[in-house]
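Reviewing the structure listed below.
The values are calculated or read from the model by the stated rules, or taken from the named source; none is laboratory data. Because the structure is a prediction, the values reported are computed rather than measured. We place every Cβ from the backbone using ideal geometry, glycine too, and count neighbours over all the protein chains shown. Surface accessibility is based on the protein's heavy atoms, side chains included, excluding ligands, DNA and RNA. Shrake-Rupley method; radii C 1.70, N 1.55, O 1.52, S 1.80 Å.
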Amino acid sequence: MSRTAVCLVLALAQTATAQQPITLRAGTLLDGRGGMQRNVVVRVNGSRIERVMAAAGYRGQITYDLSAYTLLPGLIDTHVHLESHFGPDGRASNQGETPAQRLYAAGDNAYRTLMAGFTTVQSIGSPLDSALKALLQRGAVKGPRLLSSLGALSDTSLTPEQIREWVRSQAARGADVIKIFASKSIREGGGQTLSDQQIRAACEEARAQGKRIWVHAHASSAVRAAAQAGCFAVTHGSQVTDADLALLAERGTLFEPNIGLVTQNYLENKARYLGIGNYDAAGFKFMEDGIPRKLAMFQRALRTPGLTLLMGTDATAGAHGQNAREIIYRVQVAGQPARDAIVTATSVAARALGLEQVTGAIAPGLAADLIAVQGNPLLDITALRRVVFVMKDGVLEKGHPPAFASVPNVNPAAWRGRVLTVRKRG
Ligand SMILES: [Zn+2]
């Protein structure tokens, strides 16, 4: 076939896919709710999943043949910091950078995150996110669906009424979620900072505004205060006791520990962080000591009946695009069953973000947020880092189209060679 003919075929194929439903054939499908199926066809109409059916009886065209891969819903990270990046000097201090440079870096992090199979993230959260979100929504920047807190409260001098006012102003500015610091950083020992009364004011006002709230808390007392105030979610929790975990479960407060990526990434990039704020020798010592402590904490959390665990990485500079390491660590090191870890990063996460009607599972009516990985993550969780295909809202984001483009649904081995030929000449 001539080069022109190949281009014509590809152009026709693209025209066809723009107008007709897209079909994906999957060798293995994990639906994000704990279910697994083999040899299925997923039909996508526009931005949504229309149907999931057995490949055996299907006679139509296949747009993307993923029969050698495992198809999953796009992954979700409930805690990232997309604006966090290493500047031109290689450091995380970002001194002297312009807003444009910072926005560019955040966009780059968004792209890395999407390419790693994360089609939805919650940023906890920078004012820069409103500009980034606008760019992402119109497709000017490629990245995941973004929810953001647009900022955070850490000022302990505010009265409960002033805190309520701040929560209202965040809601009015368009924050999807409210973020407060109820304890110090782990690098400063993690002690409680906001009073129980201040925490309660923030959580009650967030609820009154119809907003979810993420409470940063390491100290046991801060976690307890958040649970008692009925706060929506607690993140970190490195110092929680079994009683605190039981209280979180009893109060229905979601718990988002971060045990497998954030600290490891700080240590791997120590030279890029050291000397900035509380990233000093003592801070690094607290973080290093925190690794085994957080592992043991997570294992206790796993054994706590009724506790809902979330998958948030707290990814900062250096960690973006490696988000799946948190899931892999939870399975490989902490012993969480792979099925549970995957459900936590898909349907459970969607529910925690208020997006259960939007994404988080492969089911009719939900957004066509679909990824394919090499291998079956139920058998080898590291497969989550071998993302070969990403679709978000029905749009192909990763995966060279001809590599997966297909002809009628026949034995894949019979036509795979033909596609390779087209690709080589094109
Ligand atoms: Zn964070």
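Overview of values
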read-out: On Cα atoms only, tilt of 196-208 relative to the major axis of the chain in degrees; value: 40 degrees
read-out: Ordering of 296-306, 187-197, 351-361, 68-78 by burial proxy (mean other Cβ atoms within 10 Å per residue, highest first); value: 68-78, 351-361, 187-197, 296-306
read-out: Trypsin sites (Lys or Arg not before Pro) within the range 60-166: DSSP coil, no more than 11 neighbouring Cβ in 10 Å; value: 138
read-out: Residues in the range 186-201 reached by a label modelled at residue 270 [backbone nitrogen below 16 Å; 7 Å Cα→Cβ]; value: 187
read-out: Percent breakdown of C-alpha pair distances by 10 Å bin, ordered from the shortest bin, for the range 11-111; value: 13, 30, 19, 20, 16, 2, 0
read-out: Whole-number D in µm²/s for the range 273-345 (Stokes-Einstein; Kirkwood sum over Cα pairs; 20 °C, 1.002 mPa s); value: 155 µm²/s
read-out: Modelled FRET efficiency - R0 22 Å, residue 358 with residue 51, Cβ distances, 0.05 increments; value: 0.75
read-out: Distance between modelled label sites at residue 39 and residue 98, nm, 7 Å Cα→Cβ extension; value: 5.9 nm
read-out: For the chain, calculated [θ]222 nm from helices alone, where every DSSP H run of n ≥ 4 adds -39500 (n - 2.57); value: -11500 deg cm²/dmol
read-out: Approximate spin-label separation residue 195-residue 289, in nm, with each point projected 7 Å along Cα-to-Cβ; value: 2.9 nm
read-out: Accessible carbon and sulfur surface of the chain relative to its total accessible area, %, 1.4 Å; value: 52 percent
read-out: On Cα atoms only, tilt of 3-19 relative to the major axis of the chain in degrees; value: 60 degrees
read-out: For q = 0.11, 0.16, 0.22 Å⁻¹, Debye-computed log10 I/I(0) when each Cα of the range 61-186 counts as one equal scatterer; value: -0.48, -0.88, -1.28
read-out: Using alpha-carbon coordinates, inclination of helix 99-115 to the longest axis of the chain, degrees; value: 60 degrees
read-out: Kirkwood hydrodynamic radius (C-alpha pairs) into Stokes-Einstein, the chain, 25 °C and 0.890 mPa s, D in µm²/s; value: 109 µm²/s
read-out: Label-point separation, residue 282 to residue 379 (7 Å along Cα→Cβ), nm; value: 5.2 nm
read-out: DSSP-defined beta bridges in the chain - what % are antiparallel, rounded to 5; value: 50 percent
read-out: Per residue, the convex hull volume that the Cα atoms of the range 198-316 enclose (Å³); value: 109 Å³
